[in-house]
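Since every read-out is calculated from the coordinates, none of them should be taken as a lab result. Please read all numbers here as calculations on a predicted model, not as lab measurements. Using ideal geometry, Cβ is built from the backbone for each residue, glycine included, and neighbour counts are taken over all protein chains shown.
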């Protein structure tokens, strides 16, 4: 996928860092990729298993939390200041924990079997590890640059 700026005035904006790489975007982040797998897992393997009376209760909560994970990573990535980005990544992490609780509830209520539960826990834990690593990476960059951005 390639993006182009046709207006040369816009492409010379002063606030674009000199080391900006247009080929990198939030979709290149391993943390976002793992979060996307969690989102797709819940949409494809958990929500369809919910009984009809839960589709508009627990199902809505699961949808919101799973979409929130990737959305907050992408929004944080788009922020100019590191600290702003970190705050969005932490919100994303909170949504991962929320989904873990929803997964436990689904298992407790026998909406999902052990295989789906185990797969979900594994995906969530993988995503948490990657996201925590990315948060640490961003914090280190912030410190190295002396809190300038």
Check your understanding: When only Cα pairs under 8 Å and 6 or more residues apart are kept, what is the percent relative contact order across the range 25-144?
Key -> 33
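For a footprinting-style exposure proxy, rank 110, 126 by other Cβ within 10 Å, fewest first. Let's see the in-between values first.
Working: 110 9, 126 15.
Lowest count first: 110, 126.
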Revision key, fill the gap. Sorted on mean Cβ neighbours within 10 Å (highest first), peptides 25-31, 48-54 come out as 25-31, 48-54
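How large is the convex hull of the Cα atoms of the range 25-144 per residue, expressed in Å³ as a whole number? Please report the intermediate quantities before stating the final value.
Values: hull volume 10.1 nm³, N = 120.
Looking at the range 25-144, the number lands at 84 Å³ per residue.
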